[in-house]
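J.: Structure incoming, see below.
The values are calculated or read from the model by the stated rules, or taken from the named source; none is laboratory data. If you're wondering where the values come from, they're calculated on a predicted model, not measured in any experiment. Note: ideal-geometry Cβ built from the backbone for every residue, glycine included; neighbour counts use all protein chains shown.
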Amino acid sequence: MIKTFTHETLLRYVYNELPANEQQAIEQALQHDAELAASCADLLLAQQALNGLRRTPSQRTTDSILQYSRTFLRKE
Amino acid sequence: METMQPSDSALISRYIAGQEDAFAQLLERHKARVFTTIMLIVRDEDVAEDLLQDTFIKAVHTMKSGRYNEEGKFSSWICRIAHNLAIDCFRREKRSPLLNLDTTSHAFNSLSLAEEGAEAALTREETHARLRELIQELPAAQKEVLIMRHYGDMSFQEIADATGVSINTALGRMRYALINLRKKMAAQPVFYDQNLYPRDAAPVRVQRIAS
């Protein structure tokens, strides 16, 4: 029997939130279901694009936070 | 051989016990995710840097005063603090807006020009700036879930709890956020230009991101 998966399940899969048994089932389905694989690829492309937006704060800000933590320790 | 990284929980215990280097590791591990979460809400780099400091200062106070609750994930907790501070700030700014609409300033601070060349870096940054704009155009509820899940590392259940909706609603909002983004991205094919992602040039394989 062919098991169908909702988009919500696929979403939980690509964000690594499915229990192991459901994860295995979806991975098997992905090998045979081209439409499901295409939807999955779309989600992964979206993730890849979103990952590109990650920004890092300046070193100055990082240093200030670390300095605050060290100072806080001395105050206590 | 890959070395085992200490868990967040182990780092927090060491930090509370007085080891400052553990906090430095925690900060290093989470600062980009938290900073991106804030940036996507307030859209001003200077404000985001201030709010990042406020976020971690709150965390320092909570952990060092023994009030840290070990039950949830540190990543979700710190991103919730950041999200709340950023939303408060955004609401204040809406009442008396700062005239800083330049989302491309400091364009090169996270790019390596030597590695990919100035032109490619500029194209990449322009693409990212457009994607940031598209995220801003999403309905508020969809944008909130997208930021919390993708950058805040909160599970869909945690988002549902934090926003007072069912997990299916949170999943549905994320789904429509991605559908909306995809539609807008399809209208601007440069987003899918693989040349923009030279380090990930391999064909897309079924490989989930680490959470």
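J.: Within segment B:1-53, can you find the residues that are surrounded by 17 or more Cβ atoms within 10 Å (Cβ to Cβ), on the phi > 0 side of the Ramachandran plot and either in a helix (DSSP H, G or I) or within 8 Å of chain A (Cβ to nearest Cβ) (or both)?
T.: Residues satisfying the conditions do not exist here.
J.: Could you list all residues from segment B:55-71 that are more than 10 Å from chain A (Cβ to nearest Cβ) and either in a helix (DSSP H, G or I) or modelled with pLDDT of 95 or more (or both)?
T.: Selection gives B:Lys58, B:Thr62.
J.: Okay, next question. For A:Leu53, which of the numbered conditions (1) over 16 Å from B:Ile147 (Cα atoms); (2) touching a Leu at 6+ places or on another chain (Cβ under 8 Å) fails to hold?
T.: Here A:Leu53 clears every test but (1).
J.: Then there is this: Can you tell me which of (1) at pLDDT 90 or above; (2) not in a helix (DSSP H, G or I) is the one A:Thr4 doesn't meet?
T.: (1)
J.: Oh, and also: Whether any residue in segment A:14-29 is within 18 Å of the chain's Cα centre (by Cα), surrounded by 12 or more Cβ atoms within 10 Å (Cβ to Cβ), among the hydroxyl-bearing types (Ser, Thr, Tyr) and more than 7 Å from chain B (Cβ to nearest Cβ) is what I want to check.
T.: Checking segment A:14-29: not a single residue is within 18 Å of the chain's Cα centre (by Cα), surrounded by 12 or more Cβ atoms within 10 Å (Cβ to Cβ), among the hydroxyl-bearing types (Ser, Thr, Tyr) and more than 7 Å from chain B (Cβ to nearest Cβ).
J.: Need pairs with beta-carbon distance below 8 Å; first residue over 12 Å from A:Gln59 (Cα atoms) and within segment B:25-40, second surrounded by fewer than 20 Cβ atoms within 10 Å (Cβ to Cβ) and among the hydroxyl-bearing types (Ser, Thr, Tyr); sequence gap 6+ or separate chains.
T.: B:His30/B:Ser75; B:Arg33/B:Ser75; B:Phe35/A:Thr56
J.: Further, regarding this structure: What are the residue pairs meeting all of these: first residue in segment A:57-72, first residue more than 7 Å from chain B (Cβ to nearest Cβ), second residue modelled with pLDDT under 95, Cβ atoms under 8 Å, and 6 or more apart or on different chains?
T.: Pairs that qualify, where the first residue is more than 7 Å from chain B (Cβ to nearest Cβ) and the partner is modelled with pLDDT under 95: there are none.
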